[in-house]
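Everything below concerns the one structure shown next.
Every number here is computed from the coordinates shown, using simple stated rules; none is lab data. For clarity, every value in this text was computed on a predicted model and none was experimentally measured. Cβ placement follows ideal geometry from the backbone for every residue including glycine, while neighbour counts extend to all protein chains displayed.
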Amino acid sequence: MNGQNRSDIYPGLEVDIILKKDQRSGKLTRGIVKDLLTSSSFHSRGIKVRLEDGQVGRVAEIVEED
């Protein structure tokens with residue numbers, strides 16, 4: 001799943017995000033969502049979140065839970 005819909009993302013979810021510094025390379029960073037920073041219900045480049053370790057980026061992909 002992609003991370004464009006706010007309704008799909010919640011604290012505690014494991015996601016891959018793209019940090020601002022990695023936008024050109026597209027390098028993904030995996031972590032657990034702490035806070036949702038985008039207030040709109042949809043964002044074309046991904047919902048912006050803060051991970052539990054403090055990193056901020058846009059959700060590229062939601063890690064599927066088994």
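Against the list (1) surrounded by 15 or more Cβ atoms within 10 Å (Cβ to Cβ); (2) outside any strand (DSSP E or B), the condition residue 17 fails is (2). In the range 34-54, what residues are of a type in the set (D, E, K, R), touching a Lys or Arg at 6+ places or on another chain (Cβ under 8 Å) and not in a strand (DSSP E or B)? Those that are of a type in the set (D, E, K, R), touching a Lys or Arg at 6+ places or on another chain (Cβ under 8 Å) and not in a strand (DSSP E or B): 45, 52. The residues listed here are 57, 31; of these, the one that is buried (at least 17 other Cβ atoms within 10 Å of the Cβ), part of a strand (DSSP E or B) and free of Cβ contacts under 8 Å to residues at least 40 places away in the same chain is 31. Just wondering, is there one or more residues in the range 23-31 that are touching a strand residue (DSSP E or B) at 6+ places or on another chain (Cβ under 8 Å) and of a type in the set (S, T, N, Q)? Yes, some residue in the range 23-31 is touching a strand residue (DSSP E or B) at 6+ places or on another chain (Cβ under 8 Å) and of a type in the set (S, T, N, Q). Taking residue 24 as the residue in question, decide whether it is in a loop (DSSP other than H, G, I, E, B) and either touching a Pro at 6+ places or on another chain (Cβ under 6 Å) or at negative phi (or both). When the stated conditions are applied, residue 24 passes them. Looking across the range 1-12, just one residue is aliphatic (A, V, I, L, M) and buried (at least 18 other Cβ atoms within 10 Å of the Cβ), and that is 9.
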